[in-house]
1. Determine, yes or no, whether residue 87 is surrounded by fewer than 19 Cβ atoms within 10 Å (Cβ to Cβ) and part of a loop (DSSP other than H, G, I, E, B).
2. Identify, please: which residue in segment 466-479 is buried (at least 16 other Cβ atoms within 10 Å of the Cβ) and in contact with a strand residue (DSSP E or B) (Cβ under 6 Å, 6 or more places away or on another chain) and is, among those, nearest to residue 453 (Cα to Cα)?
3. Hey, can you tell me all the residues within segment 383-410 that are assigned to a loop (DSSP other than H, G, I, E, B), over 24 Å from residue 515 (Cα atoms) and at pLDDT 90 or above?
4. Looking only at segment 268-286, decide whether some residue is in a strand (DSSP E or B), surrounded by fewer than 16 Cβ atoms within 10 Å (Cβ to Cβ) and not assigned by TED's automatic domain parsing to the domain that holds residue 500.
5. Name every residue in segment 318-348 that is surrounded by fewer than 17 Cβ atoms within 10 Å (Cβ to Cβ) and assigned to a loop (DSSP other than H, G, I, E, B), in order of residue number.
6. Please tell me if residue 253 is in contact (Cβ under 8 Å) with a residue 40 or more places away in the chain and in the same structural domain as residue 122 (by TED's automatic domain parsing).
7. Answer with yes or no whether residue 26 is in contact (Cβ under 8 Å) with a residue 12 or more places away in the chain and more than 30 Å from residue 316 (Cα to Cα).
């Protein structure tokens with residue numbers, strides 16, 4: 001049915017279902033050299049080849065920023081180049097992804113070993129098989145479904161809200177207790193039998209070449225994109241003691257390069273340009289030389305002028321939004337981010353002796369990144385957007401995936417009940433009560449950083465963050481009603497400069513984890529290689545609540561629920577009963 005003016009949705013779509021493939025090849029060589037009986041070097045070299053993806057019907061494209069095109073007398077630079085039968089992939093293959101790696105091990109004594117290692121690692125590549133909407137412009141469409149048109153009164157009258165129950169749809173009352181309304185007519189532009197009077201938006205495919213989606217936004221990728229690269233390195237030691245105890249500690253670090261950003265837009269104006277032109281970006285009008293190529297869906301269709309910011313875009317022939325300041329060429333998988341990880345990792349393990357084993361680990365680490373909103377973020381609360389993705393120095397801060405402290409302890413103990421144990425049993429009593437094992441896992445961790453709030457001004461020139469004038473964690477009650485101090489955030493003096501607050505706050509984190517899981521199990525031997533295992537498990541047995549992330553609404557929203565926590569992030573106590581029969 002029709003929707004309220006301004007609330008129409010693209011209800012009828014011609015979706016793209018792709019049949020994609022991407023080749024991957026690798027070669028590896030390794031050698032181990034024993035310098036002395038106690039000193040060993042292992043070195044290797046891996047060559048990764050991530051071939052560009054293809055699609056069975058060649059429904060792929062890439063954005064060429066240097067391509068020269070012309071349409072309706074308008075010359076432009078930049079456009080989409082489509083795959084074909086002779087050039088099936090939109091990507092160039094990176095042939096230089098060579099990953100050396102080396103490992104060192106030195107046995108200082110019978111019970112003490114020192115080890116170190118490092119290497120270059122590549123992938124996954126953004127040029128591999130991915131979502132159909134990332135680089136297949138022209139092969140899907142959407143059309144508004146308007147079987148009832150709110151905008152053609154009096155043939156449509158909304159519910160009046162006055163209590164009389166008047167709800168008339170093209171003159172036909174839906175309320176049996178109310179009579180009236182205009183006479184039904186079949187001449188309305190939209191009817192139930194003809195919801196698409198202007199037709200369904202067709203698929204254009206590659207027929208328009210560089211002119212595809214002129215005056216509209218693009219969703220695309222680049223022809224040549226660097227492969228995500230990781231440098232891993234570590235150094236540590238391991239010592240063994242009596243009673244099966246093994247203690248190890250080490251430094252573990254990594255560096256991530258060419259990390260994919262989450263949909264940066266090539267048309268977004270950089271902060272240098274915004275600071276130079278200020279409010280002239282909106283208030284100054286220039287001739288609309290792109291008028292002949294603008295479709296009716298463009299905000300400036302039919303207008304002789306456009307705001308200055310439109311002309312200052314790198315590719316002004318694309319985009320349709322009437323707001324400032326720049327948009328229309330979204331690049332998926334743009335390799336612009338980097339990260340650094342440094343940590344101290346320790347482990348204490350007691351191997352199985354006297355029916356008892358344990359493993360305890362502790363990690364003290366830190367992740368820094370300028371890519372706070374990657375396409376995939378499995379840990380942390382990713383919010384906000386880059387102030388200027390073309391200058392990621394503004395974004396370099398603690399990562400939203402940073403967990404500073406993590407402690408895990410796992411214990412397994414065979415209960416001293418049963419045949420040959422402290423409480424010696426035999427016969428049916430041993431079958432029922434003997435041979436049970438109890439496991440426990442305790443996990444404690446710090447929380448993850450929260451995002452700094454945005455300004456949220458009525459007229460916004462970019463994704464401006466606030467200024468930070470004090471530590472929001474100092475003096476805060478850290479309750480669900482107020483997790484941090486909101487008065488530490490203030491608006492910058494100018495709407496044309498970057499806020500000083502970091503992208504994520506290392507000193508304001510969510511509540512950490514404090515969870516204990518316990519299980520009890522027993523194996524019953526049924527003879528002839530048949531066994532039955534019964535198990536009872538409890539997760540979060542202490543039923544501790546881990547509060548979720550605090551609300552970080554923009555200052556422009558009037559501090560709605562600002563700093564408050566309205567949800568939790570873990571599950572309450574759960575019990576699970578299970579059995580497994582093997583034969």
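The values are calculated or read from the model by the stated rules, or taken from the named source; none is laboratory data. Remember, predicted model here, so these are calculated numbers, not experimental data. Methodologically, a virtual Cβ is constructed for each residue, glycine included, from the backbone with ideal geometry; neighbour enumeration extends over all protein chains shown.
1. So residue 87 passes the test.
2. 466
3. 387, 388, 389, 390, 391, 395, 396
4. Yes, segment 268-286 has at least one match.
5. Within segment 318-348, 321, 322, 323 meet the criteria.
6. Spelling it out, residue 253 is indeed in contact (Cβ under 8 Å) with a residue 40 or more places away in the chain and in the same structural domain as residue 122 (by TED's automatic domain parsing).
7. Judged against the criteria, residue 26 is a match.
Per-residue answers, yes or no, for (1) out of contact with any helix residue (DSSP H, G or I) (no Cβ under 7 Å at 6 or more places or on another chain); (2) closer than 30 Å to residue 490 by Cα; (3) surrounded by 17 or more Cβ atoms within 10 Å (Cβ to Cβ):
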{"position": "401", "(1), (2), (3)": "yes, yes, yes"}
{"position": "405", "(1), (2), (3)": "yes, no, no"}
{"position": "408", "(1), (2), (3)": "yes, no, no"}
{"position": "439", "(1), (2), (3)": "yes, no, no"}
{"position": "444", "(1), (2), (3)": "yes, no, no"}
{"position": "447", "(1), (2), (3)": "yes, yes, yes"}
{"position": "455", "(1), (2), (3)": "no, yes, yes"}
